[in-house]
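Contents: one structure, followed by commentary.
The values are calculated or read from the model by the stated rules, or taken from the named source; none is laboratory data. Computed from a predicted structure; not experimentally measured. Counting neighbours? That spans all protein chains shown, and the Cβs are built from the backbone with ideal geometry, glycine included.
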Amino acid sequence: MKRLALALLILLFIPIPSWAGVQARVDRVDLAPGETLTLAVSIDGDGEVDISPLEDFSVISRGSSTSLNIVNGKMSRSQELRFVLAPKGTGALVIPALPVKTDDGIVRTQPIQIRVSPNPTPQSRAGGGAPDVFLRAVVSENRPFVGQQIIFQLKVFRAVRIANANLQDLTFPGFTSKQVEDQKDYTTTLDGRQYAVTELSFVLGPLDPGRFELGPGVLNCDLVVQGRRSGNSMFDQFFGNDPFFSGGRLEPRVFQSEKVEINVLPLPPLIGPGKFSGLVGRFDFKTELDQASVNVGDSASFAVTIEGQGNIMDAGKPEFPESDGLKVYSDKPEEDISLGSGGYVGKKVFRFALAPGKPGRYLTPALEMTYFDPEQRAYVAKKAQALELEARPGKDKEVQVVMSPASPSPTAGEGLKRKVEFIDRDILPLKSDASVLASPTPLSPTLFFLLLLSPPFIFVVAGAIQRRVSHKKDSSRIMAERAWSALKTAADGRSSDQLGLCSRAVVAAVCSKADREGEALTYMEIEQLLSTCATSELGTEVKTFMERLDGVRYGGRVPERSEIEDIINRTRELVKTLCR
Amino acid sequence: MSMIRKLVLLFIVAGGLAVAGIGGASGGNVGALAEGLKAYDEGRFAEAADEFQKLVAQGAKNGPLFYNLGNAYLKAGDLGRAVLWYERAVKYSPRDPDLRFNLAHARSLVQDEKESGGGVLTGVAFFWKGLLGERSIQLAALVSNFFLFLALGLLRLAGRRQVFKGLAVAALISTLLFTPTALYQFHRAEFDPEGVILAGEAPVRSGLSDQAAELFVLHAGTKVEVQDQRDGYVRIAFSPEKIGWIKKDLLGVI
């Protein structure tokens, strides 16, 4: 078994005689359609390979590796460039001599003969039957017209397990393309063998007439090759065909589909009246009014609907000429288009708001739409009937243009609310009142701060003044209260020093009048204070009374009751006068 | 009570002085206004803008006049100056619906897409500043402040009466609301003014010369923050990541 493996490894890369320093070799020389080979070019040192002479093969992928060798202390560097090639046809093909640019100049590789059989090779078949893995590309129409949508399908058939599958991106020059998002997975039986199939679909739209080739689709993957322990053992039944457990291995492979030829036909010339809408497919065309009569100032919604299968998204806005007395405002078209396995299907609705300017009967134009039907291979013209709109006299109000769609057949309470959108954009007019001339004095930061701090400043100053005023008032009030208190005690007769109390009351009253505090005053002080804060007569009068009072107090005799009462009464009068 | 009356009178006089300091006699030239309106109606928008500019030169400063200037420049095809004058008008009449409509239209014509910048905190803290004009906010701050101290004075003189307490609380809230906003506006005007690109294309450079590297290009109507002015150049910030120097005559300060 080891010998067999060694032999296979030796056979894997068949060395081809080459020029010194450059060597080209392939991993196989016999291929079946859809299979690939690996071309390896080894270069001693650095170099570049020109693969432009490769006419019979497509380059699927490329890679490179570099190695360093030290032999007897001498270091050498070598490079290997690998190309995965897919044959473009069958029969005897040639990998021509490829120029390699090295440090020593341009060196050419030796040509290599490759045989591509028209039938699958026995190695790629299970028991000589159908191949294990293959790709198939089909198109729904090989002779489409410009603009006609066609479906390109790429099917990957797998009878064995593959891993790390990677489908190279497909490009379609000369076509608009859109992949249908939903890929299909199903199983099918071919030649008695069951395949798992993955189907990818693309909707293509030819842009120009001519011949085109679509594809090929290329699949890079690892083929799961059964190991020595294959069979129906209990082990295999438990772990399935997992290469890790079954002793299998992964073999990198590239598969590709055949190309599909397409001949895109030009659209025939349109003969007769009408204007081609640019639509290719099959479509319906209709017009409708949401209401048959409106008041002047109101508007009705006129809808033009194009519906069908084909390049519906390219439908342009129909022309709606304005007539005398009827204003027409167009809205953004509504689109309801979906992409399915059959291509684009849906509808496009163009709405116009019709606003009559005066009462009367108006007719919408009999709009016409011409499209190309690929099945009939002819142009089809569809015409809508003119619709009548009656305008009733309305109230004097501005025309309100309602641009958003109404429901096709609004019932009571439904579809009454409509979104109002801008028809045009402009600015509002100038202002011309007297406010335009106003020029208020600017408020500088300094002035603002001054005005801001004024109230607290005034508050603080006023508080200080108030406290000062309050203080003065308190001295006078306190002394007055003392005067009345002393007089009251003297008058109630319970004190033995009634005259002393009267003297204290008069002194306190004088202090109250003079707005000062004090306990004792001389006759001179009393006279001077009162002369200052009242009158000199009052000062003299109070001084005289105080002399009399002290005379009685300190005269050495006991005053009579009436005399004491007289002094008390006199004291009350003076206190009243002084504390007023 | 005579003392209370005196103090109240004192506060009222002080308040009156404050208000008198804000107001001012309106002036201007009616002829220039009429000429401007006429030129605008006749489609001579550039001439209309010149006439309105005369009013500004004569000292007229108000939202409606700046709005008219914005209209005239927009119609004349000068998007940069149109946005500049609309933005200036916003300072006086932020709630004017005509102004908001026209400014929105002008902004929709500006090429440069606005990039998120700073000022989130101040935007949240002073969210009401867009509801009132700058002068209204300043006036509200001063009047609130006046009534706050008037209420405090009355409370001190007439005792703790409920009505004075209510007045004091309301005035305090109003003062705390408007005074920081007014101070913030003064700060912005003094230290962080905003500007509008006037030229159709304004290269923003890394330094103060035409040889400095061109960092990016702004277009007419784009609003930027003005950070510094030096040697005929203005340092601007379009966003926190896009800062540079621009020639002074390519920009108008709001």
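Of all residues in segment A:60-83, those that are closer than 17 Å to A:LEU39 by Cβ and modelled with pLDDT under 80 total 2.
Consider A:VAL345 carefully, then state whether it is in a strand (DSSP E or B), under 30 Å from the mean Cα position of the chain (by Cα) and hydrophobic (A, V, I, L, M, F, W, C). Yes; evaluated as a whole, the condition is true for this residue. Against the test of being β-branched (Val, Ile, Thr) and modelled with pLDDT of 90 or more, the options A:ILE150, A:ILE106 yield a single qualifying residue, A:ILE150. Only residues that are surrounded by 21 or more Cβ atoms within 10 Å (Cβ to Cβ) and either within 8 Å of chain A (Cβ to nearest Cβ) or not aliphatic (A, V, I, L, M) (or both) were counted in segment B:49-60, giving 4. Give the residues of segment A:355-376 that are assigned to a loop (DSSP other than H, G, I, E, B) and either buried (at least 19 other Cβ atoms within 10 Å of the Cβ) or touching a residue at least 60 places away in the same chain (Cβ under 8 Å) (or both), sorted by residue number. Selection gives A:GLY357, A:LYS358, A:PRO359, A:THR364, A:LEU367, A:PRO374, A:GLU375.
Do we find a residue being surrounded by 12 or more Cβ atoms within 10 Å (Cβ to Cβ), over 20 Å from A:LEU549 (Cα atoms) and polar (S, T, N, Q) anywhere in segment A:464-474? Yes, there is a match, as at least one residue in segment A:464-474 is surrounded by 12 or more Cβ atoms within 10 Å (Cβ to Cβ), over 20 Å from A:LEU549 (Cα atoms) and polar (S, T, N, Q). Residues that are crowded, with 21+ Cβ neighbours inside 10 Å and out of contact with any Lys or Arg (no Cβ under 7 Å at 6 or more places or on another chain) within segment A:207-221 comprise A:GLY217, A:VAL218, A:LEU219, listed in sequence order.
Output yes when any residue across segment A:313-333 is part of a strand (DSSP E or B), among the small types (Gly, Ala, Ser) and buried (at least 19 other Cβ atoms within 10 Å of the Cβ), and no when none is. Scanning segment A:313-333 turns up no residue that is part of a strand (DSSP E or B), among the small types (Gly, Ala, Ser) and buried (at least 19 other Cβ atoms within 10 Å of the Cβ).
For segment B:85-105, the set of residues classified as part of a helix (DSSP H, G or I) and either of a type in the set (Lys, Arg) or surrounded by fewer than 16 Cβ atoms within 10 Å (Cβ to Cβ) (or both) consists of B:ARG88, B:LYS91, B:PRO97, B:ARG100, B:PHE101, B:ALA104, listed by residue number.
Condition check for B:LEU37 on (1) within 8 Å of chain A (Cβ to nearest Cβ); (2) buried (at least 21 other Cβ atoms within 10 Å of the Cβ); (3) over 18 Å from the mean Cα position of the chain (by Cα): one failure, at (2). Criterion applied to A:LEU98, A:LEU31, A:LEU54 was being under 29 Å from A:ASP169 (Cβ atoms), modelled with pLDDT of 80 or more and in contact with a Phe, Trp or Tyr (Cβ under 9 Å, 6 or more places away or on another chain), and the one residue passing it is A:LEU54.
Facing chain B (nearest Cβ under 9 Å), aliphatic (A, V, I, L, M), free of Cβ contacts under 8 Å to residues at least 40 places away in the same chain and closer than 30 Å to B:PHE52 by Cα - does that describe any residue in segment A:442-456? Yes, because at least one residue in segment A:442-456 is facing chain B (nearest Cβ under 9 Å), aliphatic (A, V, I, L, M), free of Cβ contacts under 8 Å to residues at least 40 places away in the same chain and closer than 30 Å to B:PHE52 by Cα.
Taking strands (runs of 3 or more DSSP E) as the structural unit, those lying wholly within segment A:21-110 and holding at least 2 residues that are hydrophobic (A, V, I, L, M, F, W, C) correspond to A:22-26, A:37-44, A:57-71, A:74-87, A:91-95, A:105-108.
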